[in-house]
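What follows is one structure encoded as structure tokens, with my remarks underneath.
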Amino acid sequence: MTDVTSLTAAQIAGLVASGEASAAEVTRAHLDRIAAVDDRVHAFLHVDTQGAVQAAEAVDRRRAAGEELGPLAGVPIAVKDVLTTRGVPTTAASKILEGWRPPYDSTVVERLRAAGTVMLGKTNMDEFAMGSSTEYSAYGPTNNPWDLGRIPGGSGGGSAAALAAYEAPLAIGTDTGGSIRQPGAVTGTVGAKPTYGGTSRYGLIAFSSSLDTPGPCARTVEDTALLHSVIAGHDPRDSTSIPQPVPDVVAAARLGATGDLTGVRLGIVSEFNGEGAEPGVMAAFRESIEALTKLGAEVVEVSCPNFQYALPAYYLIAPSEASSNLARFDGVRYGLRAGDDGQRSLEEVMSMTREAGFGAEVKRRIIIGTYALSSGYYDAYYGQAQKVRTLITRDFESAFERVDVLVSPTTPFVAFPFGSRTADPYQMYLSDLYTIPTNLYGGPAISVPCGLSEGLPVGFQIMAPTMADDRMYRVGAALESAVGTFTPPAL
Amino acid sequence: MTTFALPSYDEATSRYEPVIGLETHVELGTNTKMFCGCPTEFGAEPNTQVCPVCLALPGALPVANRAAIEATIRIGLALNCSIAEWCRFARKNYFYPDMPKNFQTSQYDEPLCVDGYVDVEVDGETVRIGIERVHLEEDTGKTLHVGGATGRIHGATESLVDYNRAGIPLVEIVTKPVPGIGAKAPEVAKAYVAELRDILRSLNVSDVRMEQGSLRCDVNTSLNLPGAEWGTRTETKNVNSLRSVERAVRSEIIRQAGLLDAGGSILQETRHFQEDTGDTRPGRSKETATDYRYFPEPDLVPMAPDPAWVAELKAALPELPRVKRARLREEWGVSELDMQSIVNAGAVELIEQTIAAGASAAGARKWWLGELARRANESGQELSMVGATPAQVAELQGLVDAGKINDKLARSVLEGVLAGEGDPAAVMAARGLEVVSDTGALTAAVDDAIAANPDIAAKIRDGKVAAAGALVGAVMKATRGQADAKTVRDLILERLS
């Protein structure tokens, strides 16, 4: 492929900055690619052709006027449909928000626009980001470009698939329990979950407020870092946003790309011993560890005894918060309203709206969360889960006294066939076994492609201390320099 | 549906001991809402003071208003509370259309201020009311039911919601149960709310207007037999004036006593005070108790007020009403009872300012509690809105003290002031109301009166000084009241001695 769609974001930005390509033609090429393949991939829920062309032309005008452009100006980007975009439909892949056009931009999108990136459209996901396969999207699943019969991961399967299908060089995801990293892993792309509070949640349709984190996705570690640096940083509109400077992740990625990890200590989590994981995944992980050792990294094993409780704790905390966050979808002010025939009571209309508007997995989690917060059960469930969360945080803190980063496979399995895990929710939930502890702790983590298993991509996860996002980029870029990038078969 | 005889209030309180408790909600007078930058002005067009945050649009997030936190801490300090060094907001989950998120951001088991008290005076006795907690939360919107005859939801064709009020900072002040006050319970309740209102006003944190809903009160009442455990309490809402607070407690005591006398038991329920009848009626019964599923608000970082800041706020508290009243009572030389009527009339600040503008304490009191209070009552206005400023009242009294006008003329001058004719001196001049002090003219009028009433003059000459009143009246009539009665009397006695 010599097509512009095969280039990295850094390369495209260079072409636009030098005038070798206009943002408009770069955008047109990506819109053409979407038109050519997205009926098979279904990465997008909405393509904003007009908005994209206008944004690209604005960048070209700014360049012509001699204005200085940012490092990603003119680069097309796909945004997960859970972030509000002014005037552009935003549904969180739910029927309950069908047709809703927000009157405001999320902070992440605002920063993307300010940086001159060109938003191509909104990507598919599991409804309200609840799922690991996009099979719970109310608008049909996204197909993995590596094998259209398999899941692209979730919840951010649309963003990851858009990258793998060369529909966009950059994408935005959100990660609550692994929704950026696991899709990255199973599509052979890079996905980073920044430190909680490092990127603003303002305009992110909340699933679980204490866990949700917007983050960057791309096909290379450097592109991911460039996007990270554009969207991260303190936002006064998000009370949980951290008022500290963002670590220099781009410099860290470039340092890592030199292939030198001398003096860097990697910790392998003893409890993630491969039980329940596919052998091919573990094999690729071990080979990557060897490759990193060759680059000078020191590898030690560390115990995080409370990680085994992460999954149950997560499946109490996240649904509890969700049950409250999703209460606002009642048909009164926006979105779907069902059963309003002028006769039914308000309560009936609210119930019918929620019955018709929410999918089965969303209802399951609302019910779990409502139960966990109920009087008489709070201490045993939500309260206990918060204690576990504290213990997991201590595990991370004591591990980071000994090592610079923790490493693991991103997810126990490669992309699985559609329908193979929907019958048993627990089988689906296991997808996030290795990613969830980080969310409970609040630290950053990245998934970088590290190999193939039976022809399908495997992801390598690097977890760092809070506000030390730069460390994972250094190690990730070093790994990438050692193992290369992975391209799916032509669509 | 009273199917049993109601006792009199005296009978009720002779048999049972009431325990009361009050929950008061105060809308803070901050410029912006609790969790967004929307303005808070009262009375704007519906849904014009709203944004993604207070409409709970998907993705919107709250950020706590520092001014509201500061005001709450000041309230807590003024009520002798301890201020939490670390506390959180909590979500109170329930579905209601005027609550955009379908949860209220409030505080649950970690309030900002706890364990204080306030002392109130009832019948010259001090009653200490314990304060359980003071916490910060947000107000809801308002629902309007149109198309029906009653303005209630039944029969309405449409329900409209105005979200202007949604998200206005609200402080909830909860007392501890107040036992041991017997028949005085209604007065104690009223005195507490009045004291609280004055404290809030002195802190300048709210306009505390009960009629506009910026101060709202729920009253809990229970009865028990002497020596027995406390009874089941009811919560009375919709209590929107000081007078209603008193009436609500009184009527609830009578109702509960009647029910208990008849062998019934009290249902723990929410009741609504009826302004027109003065009694309470049960609210909509709920089949099951609401489970609010409180949990710490994950969208907001905890509040951790710096102790040094709290100490600064404490040091900067204004003189509180009780302390101020004691000082003023001393300075003005008035009785406890007189002071009480000054407070009840809302005249403390007005009198204070009138004195500051040069009037004597007695003079200032005379106008604000007399003529001006009467006019305020007649027009149903607050005293401060009646139309005269403390400076004008001081000037008016100054004219009286200087002998330029008498009290009767002063009332006429005041009328001109209230009619907007200007300051007292200007009104006096414009209306030609100055006392006749030209002795020549006055002497002539006195001589005319003596000549016209020889019988009365003779009596006075015989030493019946009391008869002079008739002659004074005649002179006053002749001068159209513009003479100083005392001067006239002196002149008459001098002439006839």
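The values are calculated or read from the model by the stated rules, or taken from the named source; none is laboratory data. Keep in mind the model is a prediction, meaning the values are calculated, not measured. Note that we place each Cβ from the backbone using ideal geometry, even for glycine, and neighbour counts take in every protein chain shown. Protein only, heavy atoms only, side chains kept; ligands, DNA and RNA dropped before computing areas. Shrake-Rupley method; radii C 1.70, N 1.55, O 1.52, S 1.80 Å.
Summed over both chains, the accessible area lost when A and B associate is about 2700 Å², using a 1.4 Å probe. For B:Cys113, the residues whose modelled amide H falls within less than 5 Å of its own, excluding neighbours fewer than 5 places apart on the same chain, are B:Ala84, B:Val134. Taken residue by residue and averaged, Cβ atoms of other chains lying within 10 Å of the Cβ of B:86-98 number 3.
Given a 1.4 Å probe and the protein chains as shown, A:Tyr371 ends up with an accessible area of around 110 Å². Taking a ≥ b ≥ c as the square roots of the Cα gyration tensor eigenvalues, with a/c under 1.5 meaning rounded and otherwise prolate when a/b beats b/c, else oblate, which class fits the stretch A:377-491? Oblate.
Mean Kyte-Doolittle hydropathy of -0.5 or higher plus an axial Cα length of 20 Å or more: which whole DSSP H helices in chain B meet both? Write down the numbers at each step before the final one.
Numbers: long enough: B:185-203 (27 Å, 0.23); B:242-261 (29 Å, -0.08).
Flagged H segments are B:185-203, B:242-261.
For the stretch B:237-327, the gyration tensor built on C-alpha atoms gives an oblate shape. Its axis ratio a/c (a ≥ b ≥ c) is at least 1.5, and a/b is not larger than b/c.
Note on A:86-97: average number of Cβ atoms from other chains within 10 Å of each residue's Cβ is 1. From most to least packed by mean Cβ count within 10 Å, the peptides A:238-247, A:158-167 give A:158-167, A:238-247.
Toward the positive end of the charge dipole of the stretch B:9-309, with +1 on the Cβ of Lys and Arg and -1 on the Cβ of Asp and Glu, the farthest Cα among B:Leu112, B:Cys36, B:Ser241 is that of B:Cys36. Cysteines in the protein assembly as shown that lack a partner Cβ within the 4.7 Å cut-off: A:Cys217, A:Cys304, A:Cys450, B:Cys36, B:Cys38, B:Cys51, B:Cys54, B:Cys87, B:Cys217. With a cut-off of 13 Å between beta carbons, the residues surrounding A:Arg344 carry a summed charge of -4, where Lys and Arg count +1 and Asp and Glu -1.
DSSP assigns beta bridges within the protein assembly as shown; of those with both partners inside it, close to 80 percent run antiparallel. Within the stretch A:20-34, whose backbone N sits under 20 Å from a point 7 Å along Cα→Cβ of A:Ser6? Answer for this model: A:20-22, A:25-34.
Here's the picture: charge each Lys and Arg Cβ at +1 and each Asp and Glu Cβ at -1 in the protein assembly as shown, and of B:Trp86, B:Gly422, B:Leu200 the one pushed furthest to the positive end of that dipole is B:Gly422.
With helices as the sole contributors, chain A gives -12000 deg cm²/dmol at 222 nm; each DSSP H run of n ≥ 4 counts as -39500 (n - 2.57), and the sum is divided by every residue. Computed with a 1.4 Å probe over protein heavy atoms only, the accessible surface of the stretch B:319-431 comes to 49 Å² per residue. Under a 5 Å amide H cut-off, with hydrogens placed 1.01 Å from N, B:Ala483 pairs with B:Val436 among residues at least 5 apart or on other chains. Placing R0 at 35 angstrom, the Cβ-Cβ distance between B:Ala444 and B:Asp401 gives a FRET efficiency of 0.80 after rounding to 0.05.
Summary of packing: across the peptides B:417-429, A:475-487, the per-residue average of other C-beta atoms within 10 Å ranks them, highest first, as A:475-487, B:417-429. For every other residue with a beta carbon closer than 12 angstrom to the beta carbon of A:Phe207, add +1 if it is Lys or Arg and -1 if Asp or Glu, then tell me the sum. Combined, the nearby Lys, Arg, Asp and Glu give -3. Projecting the Cα atoms of A:Ala380, B:Tyr294, A:Gln427 onto the charge dipole of the protein assembly as shown (Cβ charges, centred on the Cα centre) puts B:Tyr294 farthest toward the positive pole. Solvent-accessible surface of protein heavy atoms, probed at 1.4 angstrom with all chains present, puts A:Met352, A:Met463 in the order A:Met352, A:Met463, largest first. Each Lys or Arg adds one and each Asp or Glu takes one away; over the other residues whose Cβ falls under 13 Å from the Cβ of A:Gly70, this sums to +2. Dividing the mean sequence gap of close Cα pairs (under 8 Å, 6+ apart) by how many residues chain A holds gives a relative contact order of 18 percent. Available extension along the chain between B:Phe4 and B:Lys408 is 139.8 nm, counting 0.36 nm per residue and deducting the alpha carbon span. Taking a ≥ b ≥ c as the square roots of the eigenvalues of the Cα gyration tensor, the stretch B:9-309 is classed as oblate, since a/c reaches at least 1.5 and a/b does not exceed b/c.
Computed from backbone phi, the HN-Hα couplings of the stretch A:52-58 come to 5, 4, 5, 5, 5, 5, 5 Hz, rounded to whole numbers (Karplus: 6.51 cos²θ - 1.76 cosθ + 1.60, θ = phi - 60°; Gly and Pro given as x).
Per-residue shielding of A:232-240, expressed as the average number of other chain Cβ atoms within 10 Å of the residue Cβ, stands at 4.
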